[in-house]
Amino acid sequence: MKLKAEKKANIIPICIVFLTGVVIVFFCVKAALENITQYGVGFFLFAGFGAFFVFICIMHLITELKKVFDLKRLKKEGIVYNGTIINTEFHPIVNINGVHPVTAICQYSDGSLDGPKTVKSDYFYNELGLLVGREVDIYIDTINPDVYYVDMKKAAESYKGF
């Protein structure tokens, strides 16, 4: 689970880089077409840098949309197990707006003879140390069991009521 502020903050630089790339491409191509005889090649080269910015932003958008659609598919088609947070990991190297994220290590049992299985959640930016022992929903993909998602909503809601 990510902070809403982080999701919004992520899109602002991408939009700025995208718009910068579009402006560079537009003005460089326009200038190159007006001065095709003398400096046109240089303007087209500089327009390539702008096109690179646009390309990177479009690829980032495609990647983020794929993550959203994969998560929706997993929540819709995946098998839901009830898990428990058994530990947390603090990540001191990662720093977003002065806050270090935490990963929840969760355990669930799918009824097989292998015993309980352990999975990790995505980064979480609240005090998860207080959530050890709380329940979470774990979505497992039916096609590839290595693909999973730990839904921290249940633990976060129980934390609010604590």
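Some observations on this one:
- Taken together, Thr63, Thr142, Thr118, Thr84 contain a single residue that is among the hydroxyl-bearing types (Ser, Thr, Tyr) and surrounded by 14 or more Cβ atoms within 10 Å (Cβ to Cβ), which is Thr84.
- Screening the range 85-95 for residues that are in contact (Cβ under 8 Å) with a residue 24 or more places away in the chain and out of contact with any Lys or Arg (no Cβ under 9 Å at 6 or more places or on another chain) and picking the one that is nearest to Asp137 (Cα to Cα) gives Ile86.
Every read-out reported here was derived from the displayed coordinates using simple, explicitly stated rules and does not represent laboratory data. Since the structure is predicted, the reported quantities are computational estimates derived from the model, not experimental observations. Cβ coordinates were reconstructed from backbone atoms using ideal geometry, including for glycine residues, and neighbour counts include every protein chain displayed.
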